[in-house]
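The values are calculated or read from the model by the stated rules, or taken from the named source; none is laboratory data. Computed from a prediction, not measured in an experiment: that's the story for all the values here. No Cβ is skipped: glycine too gets one built from the backbone with ideal geometry, and neighbour counts run over all protein chains shown. Surface areas here come from the heavy atoms of the whole protein model, side chains and all, with no ligands, DNA or RNA. Shrake-Rupley method; radii C 1.70, N 1.55, O 1.52, S 1.80 Å.
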Amino acid sequence: QVQLVESGGGLVQPGGSLRLSCAASGSILSINAMGWYRQAAGEQRELVARITSGGNTKYADSMKDRFTISRDNAKNTVSLQMNSLKPEDTAVYYCYANVKDRALRTSNYWGQGTQVTVSS
């Protein structure tokens with residue numbers, strides 16, 4: 001199995017910043033894409049950002065000028081730097097990874113989620 005563990009969530013004032021991190025561990029041969037989704041209360045889960053093993057990135061339009069995703073392939077980690085946070089960014093943020101495990105199976109894995117609350 002593969003586990004993803006997020007950290008870095010919390011309470012921040014509007015305009016502030018947070019950095020989320022996610023570490024993957026377990027029976028990992030390689031990780032293709034890694035990224036972040038978020039889900040606000042009562043709403044659909046949506047893509048925040050993703051990054052491939054080659055460093056190509058994709059962001060949701062509402063976040064592309066404020067958030068930056070990065071990864072360390074050697075450490076199997078991905079981070080999300082969030083700046084200029086707005087109350088509408090309040091959500092549970094989930095890390096995901098598309099993983100080829102050591103049995104050569106490719107699957108998507110998800111972290112447990114970390115709460116980000118933007119409020120004055």
Sequence-separation-based contact order of the chain, relative, with Cα cut under 8 Å and 6+ spacing, percent: 37 percent
Karplus-derived 3J(HN,Hα), 6.51/-1.76/1.60, for each residue of the range 49-56, Hz, glycine and proline x: 6, 9, 9, 8, 4, x, x, 6
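Assign unit charges at the C-beta atoms only (+1 for Lys and Arg, -1 for Asp and Glu), then state the dipole size of the chain relative to its Cα centre in Debye, rounded to the nearest 20. Mind dumping the intermediate values first?
Working: 13 positive and 9 negative charges, 75 e Å.
Once rounded to the nearest 20, the dipole reads 360 debye.
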Inter-label distance for Lys58 and Ala40, nm, one decimal - labels placed 7 Å from Cα along Cα-to-Cβ: 2.2 nm
Label-point gap, in nm, between Ile28 and Leu47 - each point 7 angstrom along Cα→Cβ: 2.1 nm
Inter-part distance where the range 105-120 and the range 69-95 are each reduced to a Cα centre, Å: 9 Å
For the range 99-115, Karplus couplings with θ = phi - 60° (6.51, -1.76, 1.60), whole Hz, Gly/Pro x: 10, 9, 8, 6, 8, 6, 9, 9, 8, 8, 10, 10, x, 7, x, 9, 7
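May I ask for the percentage of alpha-carbon pairs in the range 64-120 that lie more than 13 Å from each other?
Here the tail beyond 13 Å accounts for 71 percent of pairs.
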Amide proton proximity set for Thr90, modelled H, under 5 Å, gap of 5+: Val118
Volume in Å³ per residue [convex hull over Cα atoms, computed for the range 29-93]: 89 Å³
Where a label projected 7 Å from the Cα of Gln1 along Cα→Cβ would reach, residues of the range 28-69 with amide N under 15 Å: 28
Coarse-grained scattering of the chain at q = 0.17 Å⁻¹, given as base-10 log I(q)/I(0) from a Debye sum over alpha-carbon atoms: -0.78
Solvent-accessible area per residue, Å², over the range 18-100 with all protein chains present [probe radius 1.4 Å]: 48 Å²
